[in-house]
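Each reported figure results from applying straightforward, stated rules to the coordinates on display, with no laboratory input. Because the structure is predicted, anything quoted here is derived from the model rather than measured. Because the Cβ atoms are built from the backbone with ideal geometry, glycine has one as well, and the counts that use them run over all protein chains shown.
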Amino acid sequence: MILDYKEQDKILKKYGLKVPDTCFVENKTQASSSASKIGFPVVMKISSKKHFHRTEVGGVLKNIKSKEEAQIAFTSLSKIEDTQGVLVQKQVEGVEFIVGVKKDPLFGGVIMLGTGGTMVEVFNDVTFRVLPIKKGDALKMIEEIKGKKLLEGFRGLEKIDKSKLADILVKVSSLADKEDYQEIDLNPVILNDKKAFVCDVKIVV
């Protein structure tokens with residue numbers, strides 16, 4: 001079972017993992033007011049304990065730019081089966097990565113880093129380490145994936161400090177070491193030249 005939004009948010013904050021401004025809403029009025037308060041554009045997505053991949057059920061809507069669009073999005077998302085509510089989140093632009101943890105029957109906890117979004121499934125650009133890891137291990141992991149070029153100013157993109165991503169890996173390692181969860185999936189983790197955010201999380205118990 002996937003932990004609910006409030007429990008997951010509490011865990012992320014406990015380990016210093018930053019999340020974009022997010023509100024949990026249960027009706028159209030809350031959706032439009034929360035979106036306006038957060039500031040457009042926003043992303044809206046279902047909050048569900050059953051849907052591990054929201055995009056597969058149409059559970060994520062991006063580039064919402066007005067109160068009216070927020071209300072329409074809420075109506076659409078709330079019709080999806082097994083939805084407990086809707087999350088309204090500040091839309092963040094940047095380079096996407098995925099960070100995950102699973103329990104391996106042979107090695108125990110294993111952490112994964114890969115190019116994020118849907119691209120992780122297309123290119124399988126991933127690397128793994130047995131937990132726990134330190135900062136040096138995390139930096140080596142970054143060097144092992146092709147997606148590192150996206151942090152190095154590829155095709156005119158802003159250069160991004162790799163240590164920002166390494167810090168996230170170390171914090172996730174600490175979380176996995178101290179908490180008893182079956183699986184942790186952070187996808188996407190979005191980095192830009194200013195900040196690094198965990199934009200979506202699934203923690204399975």
(request) Find the Rg to Rh ratio for the chain, where Rh is the Kirkwood radius over alpha-carbon pairs and Rg uses the same atoms. (result) 0.97
(request) Determine the shape class of the range 95-204: with a ≥ b ≥ c the square roots of the Cα gyration tensor eigenvalues, call it rounded for a/c under 1.5, and otherwise prolate if a/b is greater than b/c, oblate otherwise. (result) prolate
(request) Pick out, from LEU77, ILE142, LEU175, the residue whose Cα sits farthest towards the positive end of the charge dipole of the range 71-205, with +1 on the Cβ of Lys and Arg and -1 on the Cβ of Asp and Glu. (result) ILE142
(request) Add +1 for every Lys or Arg and -1 for every Asp or Glu among the other residues with Cβ under 14 Å from the Cβ of HIS51, and state the total. (result) 0
(message) What are the membrane-span-like helices in the chain by this rule: whole DSSP H runs, Cα extent along the axis at least 20 Å, mean Kyte-Doolittle hydropathy at least -1.0?
(response) 162-178
(message) Over 18 Å between Cα atoms: which of LYS10/LYS79; LYS28/LYS79; LYS90/LYS146; LYS37/LYS65; LYS10/LYS67; LYS10/LYS178 fall into that group?
(response) LYS10/LYS79; LYS90/LYS146; LYS10/LYS67
(message) Quick check for me: using +1 on Lys/Arg Cβ and -1 on Asp/Glu Cβ, what's the dipole size of the chain about its Cα centre, in debye to the nearest 20?
(response) 480 debye
(request) Scan the range 1-67 for chymotrypsin sites (Phe, Trp or Tyr not before Pro) in coil per DSSP, keeping those whose Cβ has at most 15 other Cβ atoms within 10 Å, and list them by number. (result) PHE52
(request) Restrict the search to the range 127-162; then list the GluC sites (Glu not before Pro) that DSSP places in a loop and that have at most 16 other Cβ atoms within 10 Å of their Cβ. (result) GLU144, GLU158
(request) Using +1 at the Cβ of each Lys and Arg and -1 at the Cβ of each Asp and Glu in the range 95-204, identify which of ILE203, LEU186, VAL95 lies farthest towards the dipole's positive end. (result) VAL95
(message) Given the -39500 (n - 2.57) contribution per DSSP H run of 4+ residues, what per-residue ellipticity at 222 nm results for the chain, rounded to the nearest 500 deg cm²/dmol?
(response) -9500 deg cm²/dmol
(request) Measure out, as a whole number of angstrom, how far apart the alpha-carbon centroids of the range 145-198 and the range 1-27 sit. (result) 18 Å
(message) Using C-alpha positions alone, give me the convex hull volume of the range 34-144 per residue in cubic angstrom.
(response) 140 Å³
(message) Taking loop as defined by DSSP and a crowding limit of 15 other beta carbons within 10 Å, which trypsin sites (Lys or Arg not before Pro) in the range 85-161 fit?
(response) LYS134
